[in-house]
Amino acid sequence: MSLEKLFDQESQLAHVLPGYQPRKSQVECSIAIDKAFSDATALLVEAPTGIGKSLAYLLAGLHKGERLLVSTATKSLQEQLALKDIAIAARALKRPISHVVLKGRRNYICPLKLSDALQDYSSFDDVTQSRLLQLEHWQANDDTQDLDNFTLDLTDQQRRQVTIQSAECLSEYCPKFSQCRYQKQRLAAIDCDVVVVNHHWLLSELTMANDQDWIRFTERNVVLDEAHWLPKVGLQILTRGWWFNAILQWPLLVNAQSPQAFEIKQAILNLAQQLQHWLTDITDIETDINPNIDRGERLLAALNNNPVWLGQLNRLQQDITALQLNDPKLVLLGTQLTQACEVLSGCLHLPTEQVQIEFVGGYPQIRLLQSTEKSWQALWNKLPKGKALISSSLAIEEDMNWFARLIGVTPQKKLRLSQTFDYQRQAQLLIPNDAPHPNADFNQRAHYLAMLISKLADAGQGRCLCLFTNLELMQQVALMLSQSTQLKVLVQGQYPQGSLIQRFRLLGNSVLLASKSFWQGVDMPSGSVVCTLIDRIPFMSPQSKSAVAMQHAMALSQQQTFNQLTLPMGILELKQGVGRLIRRENQRGLLVICDPRLQTEAYGTKMLASLPQMKRCSSIEAALDYLREL
């Protein structure tokens with residue numbers, strides 16, 4: 001059966017999906033992806049909400065009996081593919097489809113880390129001790145070792161005690177390798193029909209895996225869904241970095257059977273001990289003198305004033321080379337030492353603003369902010385030539401070239417699909433003329449937003465989703481609403497996301513205030529939202545670590561940064577937030593954006609042109625009348 005016939009009214013899909021109707025855009029999307037795979041070319045697709053892109057690429061990638069690698073940005077889409085979409089595709093194709101879901105290593109218990117933590121059990125507080133014992137019992141009875149299945153809450157610190165990052169993993173050299181569920185999943189993925197991963201996993205593995213490893217993994221069609229996340233994920237993965245915590249794993253790579261190996265192991269143990277003392281000293285000095293001094297700045301100053309670390313690491317590297325690297329564990333250790341030397345050397349030679357230091361789990365993580373152009377090119381070369389990058393938000397007005405440049409990909413074809421929803425009929429837009437400027441007084445903005453949300457919720461009988469860019473502002477508005485109205489006010493953080501959405505649906509006359517994690521990847525239940533309010537244009541702060549890092553990664557000057565980075569990324573974020581309103585063909589709603597810059601600044605025209613086109617409300621009163629009709 002041809003791919004096009006899989007989507008027609010008489011197809012198996014019509015029997016699988018109640019009320020199924022063929023969608024022209026879905027068929028067009030699937031055929032374009034199939035052609036990209038057949039021609040071994042790169043395709044860039046903007047597929048607006050409601051098209052059914054998951055089924056489009058699943059059927060395109062599987063209908064000829066081939067295999068597929070799908071990378072997403074969010075766990076929720078991974079779960080949707082695994083629990084729903086792949087099963088539908090299997091029934092449509094009338095054959096079983098095997099699949100494996102792989103998440104980042106931070107989602108799985110590391111048996112070695114758990115064992116080490118249990119041996120050091122007495123050093124933890126009572127709550128952590130209790131969690132460690134519960135984890136030990138749970139992982140012995142859970143085949144997945146996936147912490148999403150662990151029913152008790154873990155703090156970030158507790159999670160770090162029992163999980164690892166890619167750079168820390170000893171892989172087959174680990175003494176607990178045979179007990180590692182993550183490694184078993186990874187091996188199972190090689191032979192299955194569909195591998196579902198996330199962008200963090202994909203980019204991390206591609207930068208660390210050897211070519212032979214990836215020949216087996218990428219002999220399949222590749223789809224990168226939620227592709228608009230790639231620039232930010234790439235920034236985290238593709239910039240050169242090193243985490244000091246890696247030193248603690250190095251002794252496990254050395255079998256001290258020869259005098260030379262024994263000396264190396266002792267040198268590593270001494271280095272790890274020095275690290276602990278050094279970090280303690282930095283923390284103590286910081287506390288005694290000024291608790292507001294940045295620990296990263298203090299560490300960077302210490303590295304520059306006393307580069308003894310670099311000399312010690314270089315000597316270790318030379319000693320390992322002298323052993324002729326006939327031990328595969330020492331090969332891995334040599335690679336990690338090279339990475340550490342390169343990063344620490346960069347700290348000594350790069351300008352301060354190009355070195356970023358964060359403390360993760362009590363240990364410093366150093367990242368060098370340099371262009372990632374060559375890293376992106378190397379990554380694309382490791383993937384098959386036939387690949388599709390797809391998202392609901394890629395274009396600025398009608399241009400997707402800027403996005404392709406951002407991630408260093410050269411698509412042979414770019415496809416923008418038409419909207420599935422009739423926004424002119426289904427939605428209206430309000431930009432209040434009296435909304436305070438985002439730089440206005442904090443309390444003034446909070447008071448204005450609380451008053452406006454109260455009016456909107458009253459007219460719409462609740463059912464308002466309010467998206468914020470600032471957590472402090474969100475909390476203040478929530479407090480004002482709860483004190484001044486009878487509304488049921490739900491705030492992100494009160495309950496887990498799924499529970500919060502469920503309460504919002506069941507309560508009815510309520511408002512939900514949420515921050516960035518609700519801007520995308522969240523599908524609200526039908527009928528639960530008639531109004532989506534956005535507090536301001538979601539521009540990155542120019543001084544934020546991510547903005548500075550992306551500026552260096554793209555090799556932009558200060559003058560270029562707004563037009564080539566801040567504005568395009570702001571438009572993508574805004575499009576994602578707008579996409580929370582209309583999710584179905586029978587739905588209607590009001591969009592409110594409380595940022596006067598859309599009407600007063602020159603870039604406002606470009607931003608509005610990039611959004612779905614809908615009727616404009618002339619005033620707040622007109623908007624309230626519209627809501628009362630819904």
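Just need a number here: residues in segment 17-44 that are in a loop (DSSP other than H, G, I, E, B) and either of a type in the set (Ser, Thr, Tyr) or open to solvent by less than 80 Å² (accessible area, probe 1.4 Å) (or both).
Total satisfying the criteria: 6.
Which residue out of LEU114, LEU118 is within 18 Å of GLN185 (Cβ to Cβ), part of a helix (DSSP H, G or I) and among the aliphatic types (A, V, I, L, M)?
LEU114
Taking segment 92-134 as the region of interest, how many residues are more than 30 Å from LEU58 (Cβ to Cβ), touching a Phe, Trp or Tyr at 6+ places or on another chain (Cβ under 7 Å) and crowded, with 16+ Cβ neighbours inside 10 Å?
Filtering segment 92-134 down to residues more than 30 Å from LEU58 (Cβ to Cβ) leaves 109-134.
From what's left, touching a Phe, Trp or Tyr at 6+ places or on another chain (Cβ under 7 Å): 129, 132.
Right, trim to crowded, with 16+ Cβ neighbours inside 10 Å and you get 132.
Here the count works out to 1.
Among GLN134, GLN80, GLN157, which is the only one that is under 18 Å from GLY361 (Cα atoms) and part of a helix (DSSP H, G or I)?
Answer to the check: GLN157.
Considering each of LEU135, LEU83, LEU69 in turn, give the residue that is farther than 23 Å from PHE518 by Cβ and under 21 Å from the mean Cα position of the chain (by Cα).
The match here is LEU69.
Out of the residues in segment 63-73 that are of a type in the set (A, V, I, L, M, F, W, C) and out of contact with any helix residue (DSSP H, G or I) (no Cβ under 6 Å at 6 or more places or on another chain), which is surrounded by the fewest Cβ atoms within 10 Å (Cβ to Cβ)?
LEU69
When both residues are 6+ apart or on different chains and their Cβ atoms are under 6 Å apart, which pairs have a first residue that lies in segment 404-433 and is in contact (Cβ under 8 Å) with a residue 24 or more places away in the chain, and a second that is of a type in the set (D, E, K, R)?
Pairs found: GLY408/GLU373; ARG416/GLU46; GLN426/ARG588; GLN428/LYS615; LEU429/ARG616.
Per-residue answers, yes or no, for (1) hydrophobic (A, V, I, L, M, F, W, C); (2) out of contact with any strand residue (DSSP E or B) (no Cβ under 8 Å at 6 or more places or on another chain); (3) over 26 Å from ARG405 (Cβ atoms):
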site	(1), (2), (3)
PHE7	yes, yes, yes
PRO22	no, yes, yes
GLU28	no, no, no
GLY50	no, yes, yes
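Is segment 391-402 home to any residue that is among the acidic types (Asp, Glu) and either in contact with a Phe, Trp or Tyr (Cβ under 6 Å, 6 or more places away or on another chain) or under 20 Å from ALA555 (Cβ atoms) (or both)?
no
Across segment 189-231, what is the total count of residues that are at pLDDT below 90, under 22 Å from GLU66 (Cα atoms) and open to solvent by less than 10 Å² (accessible area, probe 1.4 Å)?
Residues that pass the stated criteria total 5.
Looking at segment 524-540, is at least one residue of a type outside the set (S, T, N, Q), within 30 Å of ILE407 (Cβ to Cβ), modelled with pLDDT under 85 and open to solvent by less than 10 Å² (accessible area, probe 1.4 Å)?
Applying the first criterion (of a type outside the set (S, T, N, Q)) to segment 524-540 yields 524-525, 527, 529-531, 533-540.
Checking which are within 30 Å of ILE407 (Cβ to Cβ) leaves us with 524, 534-540.
Then keep just the ones that are modelled with pLDDT under 85; that gives 524.
Now restrict to residues that are open to solvent by less than 10 Å² (accessible area, probe 1.4 Å): 524.
Yes: segment 524-540 contains one or more residues that are of a type outside the set (S, T, N, Q), within 30 Å of ILE407 (Cβ to Cβ), modelled with pLDDT under 85 and open to solvent by less than 10 Å² (accessible area, probe 1.4 Å).
Filter segment 237-277 down to the residues that are polar (S, T, N, Q), assigned to a helix (DSSP H, G or I), surrounded by fewer than 16 Cβ atoms within 10 Å (Cβ to Cβ) and at pLDDT below 80 and list them by number.
GLN260, GLN273, GLN274, GLN276
Being touching a Gly at 6+ places or on another chain (Cβ under 9 Å), among the charged types (D, E, K, R) and surrounded by 14 or more Cβ atoms within 10 Å (Cβ to Cβ): is that true of ARG160 here?
When the stated conditions are applied, ARG160 passes them.
Where in segment 365-460 are the helices (runs of 4 or more DSSP H), entirely inside, with at least 3 residues that are modelled with pLDDT under 90 and farther than 26 Å from LEU235 by Cα?
Answer list for segment 365-460: none.
Just one of ARG425, ARG416, ARG445 is of a type in the set (Lys, Arg) and either touching a Phe, Trp or Tyr at 6+ places or on another chain (Cβ under 6 Å) or under 28 Å from GLN486 (Cβ atoms) (or both); which is it?
Sole residue among the options that is of a type in the set (Lys, Arg) and either touching a Phe, Trp or Tyr at 6+ places or on another chain (Cβ under 6 Å) or under 28 Å from GLN486 (Cβ atoms) (or both): ARG445.
Filter segment 541-573 for residues that are aliphatic (A, V, I, L, M) and in contact with a Ser or Thr (Cβ under 8 Å, 6 or more places away or on another chain); which is modelled with the highest pLDDT? Give the steps one after another, and end with the answer.
Pass one, segment 541-573, residues aliphatic (A, V, I, L, M): 547-550, 553-556, 565, 567, 569, 571-572.
Among the residues that remain, those that are also in contact with a Ser or Thr (Cβ under 8 Å, 6 or more places away or on another chain) are: 547, 549, 553-555, 571-572.
Details: ALA547: 80, ALA549: 79, ALA553: 76, MET554: 78, ALA555: 79, ILE571: 92, LEU572: 89.
Top of the filtered list is ILE571.
What number of residues within segment 586-617 satisfy the criterion of being over 16 Å from CYS531 (Cα atoms) and part of a loop (DSSP other than H, G, I, E, B)?
6
Quick grid of which residues meet (1) assigned to a helix (DSSP H, G or I); (2) closer than 20 Å to ILE51 by Cα; (3) open to solvent by 10 Å² or more (accessible area, probe 1.4 Å):
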site: ALA555; (1), (2), (3): no, no, yes
site: GLN559; (1), (2), (3): yes, no, yes
site: LEU572; (1), (2), (3): yes, yes, no
site: LYS575; (1), (2), (3): yes, yes, yes
site: ARG584; (1), (2), (3): no, yes, yes
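The values are calculated or read from the model by the stated rules, or taken from the named source; none is laboratory data. Please read these numbers as outputs of a predicted model, since none were measured by experiment. Quick reminder, even Gly has a Cβ in these numbers, built from the backbone with ideal geometry, and neighbours come from all protein chains shown. Heavy atoms of the whole protein, side chains included, go into the accessibility calculation; ligands, DNA and RNA do not. Shrake-Rupley method; radii C 1.70, N 1.55, O 1.52, S 1.80 Å.
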